[in-house]
Amino acid sequence: GLVPDAHKGRGLGNAFLDELRQAQAIIHVIDSSGGTDIEGNSVDIGSHDPVDDVDFLNREITMWMVGILKRNWVKLSRKIQAEGLKIEHVIADQLAGAGVNEIQVHAAQMKCNLLSNHMKWTDDELIELCDAIRVISKPMIIAANKVDIAPKENIENLKNVDSMVIPVSAAAELALRSAAKSGVIKYMPGDPDFTII
């Protein structure tokens, strides 16, 4: 459902990203076979690196948060300075609609070593901070679908992703459920195995 530059309003854009605001975690289903490109179009199996799909969603969520902060950043920075407010409180307040709290912001600041001098933060530092906030506030699990037909190099590449990757096959699950419904096998969704009847 999401396409590159959604944070700029492309495709379903911010409407999709707004759906993520209440999520405490994300399960990102990707085509590990590389048979679908970044736009969701069918391509030859193995011709697309599924890691690009993971990176793209991470970037979209980060840039969505950056956009929220940048709308009023100069005004907010001056307010923090003038009123002696805690930066993590102000940032959390701005990102509250994205499901971010003050503790998560502070943890991200510590991770990025951005605990002071917010008036001098560069755009790159703000992006780094929002990326850390994303990782902390929206942990992600990757469901690597079509693992049964995925090239080995795609699976190897996914091992380097900084998220938990779970290999899955929706087609295999559908076949098992259909066979169970027909009485050919004994299988309940989630079972580690099946029995031929």
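Bear in mind that the values in this text are calculations on the coordinates, not laboratory data. Model, not experiment: these values are computed from the prediction. All Cβ positions, even for glycine, are placed from backbone atoms using ideal geometry, and neighbour counts span all protein chains on display.
Can you give me the span-like helices of the chain, meaning DSSP H runs with 18 Å or more of Cα extent along the axis and Kyte-Doolittle mean at or above -1.0?
Span-like helices here: 50-70, 123-137.
Please report, in cubic angstrom per residue, the volume enclosed by the convex hull of the alpha-carbon atoms of the range 13-92.
Value for the range 13-92: 109 Å³ per residue.
Can you flag which of K70/K120; K86/K138; K75/K111; K111/K138; K86/K120 are past 20 Å Cα-Cα?
K86/K138; K75/K111
Over the alpha carbons of the chain, what is the largest minus smallest coordinate on each principal axis, giving the biggest first in Å?
Sorted largest first, the three principal extents are 74, 32, 29 Å.
Obtain the nm distance between the two label points defined at I141 and V184 by a simple spin-label model: each point lies 7 Å from its Cα along the Cα-to-C-beta direction.
2.9
Can you tell me what percent of all Cα-Cα pairs in the range 48-88 are more than 14 Å apart?
Roughly 62 percent, once rounded to a whole number.
Taking 0.36 nm per intervening residue step and subtracting the Cα-Cα distance, what contour gain separates Q24 from E102 on full extension?
Computed gain between Q24 and E102 is 26.6 nm.
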